[in-house]
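Worksheet for the structure shown next.
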Amino acid sequence: MEQKLRYTLALKVYGDEKIFGPGIAELLEKIDEFKSIRKATLSMGMAYSKAWSIIKTAEKSLGFSLLHSTTGGAGGGGAVLTEKGRQFLLSYRKFETIVHDYADEIFLELFGAKA
């Protein structure tokens, strides 16, 4: 029996170190959905401290804040994407879509299989 061929492609953006990839993109999307870093990390099964580490590393390398967060208390805390953070996320997702679409075409051309 012939197996269906497939491939994987994960796009990562680097400066001196890895800045951005599928994991932080998903994290930011979840933060945007839940308006909370804690809820986002819980939904992903990610440690809160790891999320902050990833975000702070990216922000330092990019030179701008990805999030605006408020600490908890009586009214509760929360987090929202900054305008630059939202734009970077959208640009990354657009780049990812374009690259995947092209990769699908080339994969089909070279291997005669659709991913």
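The values are calculated or read from the model by the stated rules, or taken from the named source; none is laboratory data. Everything numeric here is computed off the predicted structure, so don't read it as measured data. Note that each Cβ is placed from the backbone with ideal geometry, even for glycine, and that neighbours are counted across all protein chains shown.
General observations
- Taken over the range 16-37, the criterion of being surrounded by 13 or more Cβ atoms within 10 Å (Cβ to Cβ) and assigned to a loop (DSSP other than H, G, I, E, B) is satisfied by GLY21, LYS35, SER36.
- Total residues in the range 55-70, condition under 16 Å from LYS39 (Cα atoms) and surrounded by 13 or more Cβ atoms within 10 Å (Cβ to Cβ): 3
- Meets criteria (modelled with pLDDT of 95 or more, closer than 30 Å to GLU2 by Cα and not acidic (Asp, Glu)) for TYR92: no
- Residue list for the range 48-65, filter: part of a helix (DSSP H, G or I) and touching a Ser or Thr at 6+ places or on another chain (Cβ under 6 Å): TYR48, ALA51, GLU59
- The residue list ALA40, ALA79 contains one member that is part of a helix (DSSP H, G or I) and either surrounded by 12 or more Cβ atoms within 10 Å (Cβ to Cβ) or in contact (Cβ under 8 Å) with a residue 60 or more places away in the chain (or both), which is ALA40.
- Here is the figure for the range 43-54: residues that are at positive phi and surrounded by 15 or more Cβ atoms within 10 Å (Cβ to Cβ) total 0.
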